[in-house]
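The values are calculated or read from the model by the stated rules, or taken from the named source; none is laboratory data. Computed from a predicted model, the values in this text were never measured in an experiment. In this analysis, Cβ positions are derived from the backbone assuming ideal geometry, glycine residues included, and neighbour counts consider all displayed protein chains.
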């Protein structure tokens with residue numbers, strides 16, 4: 001499978017640009033700013049002295065005569081630039097093929113091994129009263145991506161996951177389990193099992209706002225290290241942790 005990087009774009013361009021070498025083309029290929037909806041850009045200023053035409057004209061003429069390869073979605077001429085948009089499925093294939101090396105195909109990062117920074121990155125920091133959701137997935141992917149980039153740069157990175165496993169929100173799930181759990185064990189992914197009781201509590205509070213007083217009483221018992229309350233707290237937290245771990249393993253986080 002072809003890896004789409006500056007070299008691949010340069011080799012493709014060399015079929016139509018013959019006045020300079022592939023290496024020179026590669027050195028000219030740019031990665032546009034993030035807010036620009038293209039993956040690569042080729043400035044045509046350098047070709048003007050060979051073609052004796054304006055860069056804008058050269059870019060437009062190249063766009064007209066270039067045949068779209070399988071891995072490109074579109075080619076557009078914008079002023080003096082020829083812009084290339086890679087197909088999303090091609091980018092995904094590159095990611096799956098290169099895995100942790102993806103992102104290193106553009107530029108080599110100067111490693112700061114002589115004086116590395118010590119950096120703590122915390123993610124996804126879930127609450128143990130409900131299952132992981134898409135917001136947590138986003139945080140995991142962003143956190144791990146940032147961690148990998150900084151490690152590649154040479155920094156000392158500490159990945160930290162602070163579980164929010166105590167407080168009134170945790171006691172809400174505990175209270176609902178005491179009301180409706182009947183001592184049951186999880187019959188599904190265990191963090192989802194815990195989350196069902198948080199939903200039940202929310203519904204109950206909508207019907208009776210005074211029920212929160214009983215939850216505060218449960219929190220008071222937890223703070224006083226009541227054995228029965230602490231046992232329930234540990235059991236439901238362990239269920240949540242087990243479910244979280246399944247998701248972490250799936251995402252290799």
Legend entry - Sole residue being outside any loop (DSSP other than H, G, I, E, B), within 29 Å of residue 122 (Cα to Cα), over 34 Å from the mean Cα position of the chain (by Cα) and at pLDDT 95 or above, chosen from 230, 235, 245: 230
Inset, instruction - Would you confirm whether any residue within the range 13-24 is surrounded by fewer than 19 Cβ atoms within 10 Å (Cβ to Cβ) and in contact with a strand residue (DSSP E or B) (Cβ under 7 Å, 6 or more places away or on another chain)? - result: no
Inset, instruction - Of the numbered conditions (1) surrounded by fewer than 19 Cβ atoms within 10 Å (Cβ to Cβ); (2) modelled with pLDDT of 95 or more, residue 209 fails exactly one; give the number of that condition. - result: (2)
Inset, instruction - For the range 131-152, state whether one or more residues are over 19 Å from the mean Cα position of the chain (by Cα) and at pLDDT below 95. - result: no
Legend entry - Count of the range 58-98 residues which are out of contact with any strand residue (DSSP E or B) (no Cβ under 7 Å at 6 or more places or on another chain) and under 17 Å from residue 18 (Cβ atoms): 5
Legend entry - Residue that is modelled with the highest pLDDT, among those in the range 153-166 that are out of contact with any strand residue (DSSP E or B) (no Cβ under 6 Å at 6 or more places or on another chain) and farther than 24 Å from residue 247 by Cα: 154
Inset, instruction - Tell me which of these residue 115 doesn't satisfy, since it passes every other one: (1) more than 16 Å from the chain's Cα centre (by Cα); (2) surrounded by 13 or more Cβ atoms within 10 Å (Cβ to Cβ); (3) modelled with pLDDT of 70 or more. - result: (2)
Inset, instruction - Output yes when any residue across the range 185-201 is buried (at least 16 other Cβ atoms within 10 Å of the Cβ), free of Cβ contacts under 8 Å to residues at least 24 places away in the same chain and under 29 Å from residue 143 (Cα atoms), and no when none is. - result: yes
Inset, instruction - Working only within the range 34-63, note down all residues that are assigned to a helix (DSSP H, G or I) and in contact with a helix residue (DSSP H, G or I) (Cβ under 7 Å, 6 or more places away or on another chain). - result: 45, 46, 47, 48, 51, 55, 58
Inset, instruction - Residues being part of a loop (DSSP other than H, G, I, E, B) and closer than 17 Å to residue 76 by Cβ: count how many of those fall in the range 18-33. - result: 4
